[in-house]
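For reference, the structure discussed in these notes is given below.
Where a number appears in this text, it was derived from the coordinates with a stated rule and is not lab data. Keep in mind that this is a model prediction, so the values were computed, not measured. FYI the Cβ positions are ideal-geometry reconstructions off the backbone, even for glycines, and counts take in every protein chain you see.
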Amino acid sequence: MFIARGEAGETRAGIVRAYKKGFVSRIIAEFIYSKYTELIKGINGYIKFLRDKKENNNHKDI
C-alpha cells in the first residue's frame with residue numbers, strides 16, 4: 001500500500017509537470033489531480049484500517 005501511495009503521488013506530480021509543459025489543459029490537469037488526491041486519501045484510509053485491524057488482533061492475545 002505504501003508503494004501504491006507513492007506511485008499515485010508521483011503520477012499526481014507528473015500531471016502538474018505535463019500541464020506546465022502544455023501537454024494537457026488546465027481543466028484536465030485539475031480533474032486528474034483531484035482524482036489522484038481522492039485516491040491517495042483512500043489509500044491512506046485503507047492503511048489506517050489495516051493498522052487498526054492489526055492492532056486490535058494483537059490486543060486479543062493479551
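Here are the numbers for this structure:
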| read-out | value |
| --- | --- |
| Among residues of the stretch 21-37, those that are in a helix (DSSP H, G or I) and surrounded by 11 or more Cβ atoms within 10 Å (Cβ to Cβ), counted | 10 |
| Tabulated pairs, the stretch 31-45, first touching a residue at least 24 places away in the same chain (Cβ under 8 Å), second of a type in the set (Lys, Arg), C-beta under 9 angstrom, 6+ apart or interchain | Tyr36/Arg12; Thr37/Arg12; Leu39/Arg5; Leu39/Arg12; Ile40/Arg5; Ile40/Arg12; Ile43/Arg5; Asn44/Arg5 |
| Filtered residues of the stretch 1-20 (kept if among the hydrophobic types (A, V, I, L, M, F, W, C) and assigned to a helix (DSSP H, G or I)) | Phe2, Ile3, Ala4, Ala8, Ala13, Ile15, Val16, Ala18 |
